[in-house]
Amino acid sequence: MHFFYKVAIALLLAYILTIVLHQPQWAGWCLMLCLAFLGLGFRQNSFLRGFSFTMTILAVVSLALYYPQYFIGIGSFKFSSLIVPLLQVIMFGMGTELSLKDFAAVLRMPKGVIVGVICHYTIMPLIGFALAKAFNFPPEIAAGILLVGCCPSGLASNVMSFLARANLALSVSVTTVSTLLAPFLTPLMMRLLAGQFIEVRWQAMVWDITKIVIFPVVGGLLFHYLIRGKFKWLDKAMPLVSMGGIALIIVVITAAGRESLLRVGGLLVLATFLHNVAGYFLGYWSSRLLGFKERDCRTIALEVGMQNAGLASALAQTMQKLATVGLAPAVFGPLMNTTGSSLASWWHNRIPDEGKVGESEVSDTRTSARSEV
């Protein structure tokens, strides 16, 4: 057995012992270290590597649940104020990985992009609305589920498409277009579906998404052509900053909403799981019924099911409802990475009927670090 797994098992036994002996001051640390070492073990396995970042997220989340006071702020400074700037940095990083070739790809496969974007902005918001009603969550928790469903697809979908032997070019195109349309479609869908749960200030949300998404992405695109490659250390640092930013965002939200999360946590995890999996299922079969090839169906399934949970978290912060509206995004992020990695790994071992993924797509992975997001 690998060293990391042995340590993880020992720490798990220590965690159980602290629970039995009623020593919560040590339980959180044991659980965190157990998950961290498990993640390190996963990194050594090509099949499980995709889950390593998720285990890291779960490790720091466990600390936030046990010791929330350390993740709320220092003195008068609140860590929640870092969420928007961190997401802007992450979106800037997305922009640096784009090029005009990505936009040209939209013109080469308009049908796939149009269907992918339409499925994304109809299936996920409507499923979110149905789940919010069915589970009868408090209004602001329900609005958080809808907010996740109304956001564009996330960067992780590109990596999962590559791992799933799907159409990577189509994946990047759908992610890019859905992101650029977010300032218009996300507030519109929230106004239509979430207005009965919370007040949705349409104009304010349009401006917030523009500041959080569009400006940083455009800045990143300019960076790609004007500066990229001139500072090698910066190119390598951006993916790490993005991963760290995502982890910090989730931890801060977990700490801020700990009480609400403990109250509705089990049901919220179930609702977000159903939301995520239904997105995969309906995205796949919608495109299948429209006659798309297997690789394109896999792509649209992942694009529909995987959301930009970080953007949803940032919007919850701008709405001053991080501890309630922000909970669903905090749960959805790690969950979708787990399910997405599992689905991509399953598909990876099943070569599509059209044949193997072309070399041009394999070389277009953008950056190896993105596979961790």
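Residue under question is ALA132, and the condition is that it be within 23 Å of ILE246 (Cα to Cα) and assigned by TED's automatic domain parsing to the domain that holds VAL304; does it hold? So that I can check it myself, show each step before the final result.
Working: within 23 Å of ILE246 (Cα to Cα): no; assigned by TED's automatic domain parsing to the domain that holds VAL304: yes.
It is false that ALA132 is within 23 Å of ILE246 (Cα to Cα) and assigned by TED's automatic domain parsing to the domain that holds VAL304.
I'd like the full set of residues that are polar (S, T, N, Q) and closer than 30 Å to SER178 by Cβ, limited to the range 47-93. Lay out the reasoning, then the answer.
Applying the first criterion (polar (S, T, N, Q)) to the range 47-93 yields 52, 54, 56, 62, 69, 76, 80-81, 88.
Across the range 47-93, the qualifying residues are SER52, THR54, THR56, SER80, SER81, GLN88.
Consider ALA312 against the criteria (1) more than 21 Å from ALA278 (Cβ to Cβ); (2) small (Gly, Ala, Ser); (3) assigned to a helix (DSSP H, G or I): it satisfies all of them except one. Which criterion is unmet?
(1)
Based on this model, can you work out whether ALA182 counts as within 15 Å of HIS120 (Cβ to Cβ), crowded, with 23+ Cβ neighbours inside 10 Å and at pLDDT below 85? Walk me through how you get there before you give the answer.
Details: within 15 Å of HIS120 (Cβ to Cβ): yes; crowded, with 23+ Cβ neighbours inside 10 Å: yes; at pLDDT below 85: no.
No; evaluated as a whole, the condition is false for this residue.
Within the range 27-115, considering only helices (runs of 4 or more DSSP H) that don't extend past its boundaries, which have at least 1 residues that are surrounded by fewer than 19 Cβ atoms within 10 Å (Cβ to Cβ) and assigned by TED's automatic domain parsing to the domain that holds ALA255? Working first, answer last.
On the way: elements: 52-66, 83-96, 100-108.
So the answer is 83-96, 100-108.
How many of the residues making up the range 132-161 are part of a helix (DSSP H, G or I) and surrounded by fewer than 23 Cβ atoms within 10 Å (Cβ to Cβ)? Before you say what the answer is, go through the steps one by one.
As a first pass, look at the range 132-161 and keep what is part of a helix (DSSP H, G or I): 132-135, 139-150, 156-161.
When the remaining residues are screened for being surrounded by fewer than 23 Cβ atoms within 10 Å (Cβ to Cβ), the result is 133-135, 139-140.
Within the range 132-161, residues that are part of a helix (DSSP H, G or I) and surrounded by fewer than 23 Cβ atoms within 10 Å (Cβ to Cβ) number 5.
For PHE129, indicate whether it is out of contact with any strand residue (DSSP E or B) (no Cβ under 7 Å at 6 or more places or on another chain) and outside any helix (DSSP H, G or I). So that I can check it myself, show each step before the final result.
Working: out of contact with any strand residue (DSSP E or B) (no Cβ under 7 Å at 6 or more places or on another chain): yes; outside any helix (DSSP H, G or I): no.
No, not satisfied.
The values are calculated or read from the model by the stated rules, or taken from the named source; none is laboratory data. If you're wondering where the values come from, they're calculated on a predicted model, not measured in any experiment. Note that we place each Cβ from the backbone using ideal geometry, even for glycine, and neighbour counts take in every protein chain shown.
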